[in-house]
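Peer 1: Below are the structure tokens for one structure; questions will follow.
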Amino acid sequence: GLEVYFQVQAAIPPGYRVQFGGPVEEDIPRLPDGSLPRKRVANNGSLASPHIIEYQHALIRDLLSHYPEIDGIRFDWPEYPPYFLDSAFFDFSDYAKQAADRLGYRFDQMQSDSLALYQKLNGGLTNFDLENWLSEKNQTTNFSTWLNDHYPGAAAMLLMKAQLSKELLAGFRQTMNEAGKDRMELAPSAFPPPWSIISGMNYSLAAKYCNSVSVKLYGMHWSMILRSYGDQILSANPGLSESLLVRALFKFLDIADSEPPAQLSEIYYPGPDEAHLTGPDAQKRKITAARKLARPMPIYALAHGYGPTEDFRTRMQVATDISPDGVWVNRYCYLNNDKLDIIGQCAAGCTT
């Protein structure tokens, strides 16, 4: 009576697990100056690479031929995961240029404006900039408008990333259909807003091809990402106020309900016995925003088994409260009998 899904990587050959594999150099996404990224968490290939796309289609065909009775495939990271600040500035590979030409984008403007923004954040940022940022009532909502006004090429790159992610998912759906599995679910998981803006995961576009999308409520990753952004920006801009920077990042990424700490050292990846630096309202805002964009496609909250039991209870309750379509729970290895009981208690009030 259980539904069975496979989870595979969307753009990391060989695709079976996130912990190993990766693209060859030709297929690695590049920074605006054409250089390769220095360090990465998500070792995704370029979503514009025909090699990555063709491999994924072959993987789908192979899986479906051997396991025709599964109910769906969950693709992880059908986007450009922005764990590090540099990763937010992908993709300027040769394949991305070819895609830009095909889709009608001005690659030269995208490259020059994205490089200018990258240089602004890495050496040109001032306290005055941060104060202006913090004076905005809702900078996250205004981000796209601000970017289009100041760096239109960088705004265009975000649009192209969304097109590339959409094309990737459309190709997955077509391959599944051609294998005679048009009723099998295509159910990717992805970053929540506002990261989805810079990762390329456009929920409205995904809704045309996917049966659902799971939105990751990974509080331990949220603090890790904020810290990595903050460390890079602070190091690259001598004289920048650390407290202003922390406040600005908390405002844009919207990861917590409480006041942010004054120093980056207070923000880190929590251990298994430490509560996540987040809050119920922040999580609700992210799921609500994704559901609004995705309608009528279901959005599942993707909770994580990591963390102490009572913190897990709070996060699981939030996930079930704000996700009427249902909840997925990641990382069974971090669960225990108490957490399984909590899932049952929370699920009693959930539709799925």
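The values are calculated or read from the model by the stated rules, or taken from the named source; none is laboratory data. Note that the structure is predicted; figures quoted are calculated from it, not measured. Because the Cβ atoms are built from the backbone with ideal geometry, glycine has one as well, and the counts that use them run over all protein chains shown. These accessible areas exclude ligands, DNA and RNA; they are computed on the full protein's heavy atoms, side chains included. Shrake-Rupley method; radii C 1.70, N 1.55, O 1.52, S 1.80 Å.
Residue-by-condition table, conditions (1) without any contact (Cβ under 8 Å) to a residue 12 or more places away in the chain; (2) more than 22 Å from the chain's Cα centre (by Cα); (3) more than 16 Å from ILE198 (Cβ to Cβ):
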position	(1), (2), (3)
LEU85	no, no, no
ALA88	no, no, no
LYS97	yes, yes, yes
LEU103	no, yes, yes
ARG106	no, yes, yes
ASP113	no, yes, no
LYS120	yes, yes, no
GLY123	no, yes, yes
THR126	no, yes, yes
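Peer 1: When you scan segment 51-69, how many residues do you find that are open to solvent by less than 20 Å² (accessible area, probe 1.4 Å) and either assigned to a loop (DSSP other than H, G, I, E, B) or hydrophobic (A, V, I, L, M, F, W, C) (or both)?
Peer 2: Count: 5.
Peer 1: Name the single residue that is modelled with the lowest pLDDT among those in segment 271-297 being buried (at least 16 other Cβ atoms within 10 Å of the Cβ), of a type in the set (A, V, I, L, M) and under 29 Å from GLY344 (Cβ atoms).
Peer 2: Going through the qualifying residues, I end up with LEU277.
Peer 1: Follow-up question, since we're still on this one. So in segment 110-126, with the set limited to residues that are exposed (fewer than 15 other Cβ atoms within 10 Å of the Cβ) and of a type outside the set (Gly, Ala, Ser), which one is nearest to ASP27 (Cα to Cα)?
Peer 2: GLN119
Peer 1: Same structure again: Test of understanding: among TYR306, TYR268, TYR300, which residue is surrounded by 14 or more Cβ atoms within 10 Å (Cβ to Cβ) and touching a Gly at 6+ places or on another chain (Cβ under 6 Å)?
Peer 2: Result: TYR300 is the single residue among TYR306, TYR268, TYR300 that is surrounded by 14 or more Cβ atoms within 10 Å (Cβ to Cβ) and touching a Gly at 6+ places or on another chain (Cβ under 6 Å).
Peer 1: Name the single residue, out of those in segment 307-338 being outside any strand (DSSP E or B) and β-branched (Val, Ile, Thr), that is farthest from the chain's Cα centre (by Cα). First the steps, then the outcome.
Peer 2: As a first pass, look at segment 307-338 and keep what is outside any strand (DSSP E or B): 307-326, 331-338.
Filter once more, keeping what is β-branched (Val, Ile, Thr): 309, 314, 318, 320, 322.
On the way: THR309: 26, THR314: 23, VAL318: 20, THR320: 21, ILE322: 19 Å.
Here the residue is THR309.
Peer 1: Please pick out the residue among PHE75, PHE90, PHE84, PHE107 that is touching a helix residue (DSSP H, G or I) at 6+ places or on another chain (Cβ under 6 Å), modelled with pLDDT of 95 or more and open to solvent by less than 30 Å² (accessible area, probe 1.4 Å).
Peer 2: PHE107
Peer 1: Name the residues in segment 19-39 that are assigned to a loop (DSSP other than H, G, I, E, B), surrounded by 15 or more Cβ atoms within 10 Å (Cβ to Cβ) and among the charged types (D, E, K, R), would you?
Peer 2: Result: ARG30, single match.
Peer 1: Going residue by residue through segment 317-334, is there one that turns out to be surrounded by fewer than 14 Cβ atoms within 10 Å (Cβ to Cβ) and of a type in the set (S, T, N, Q)?
Peer 2: no
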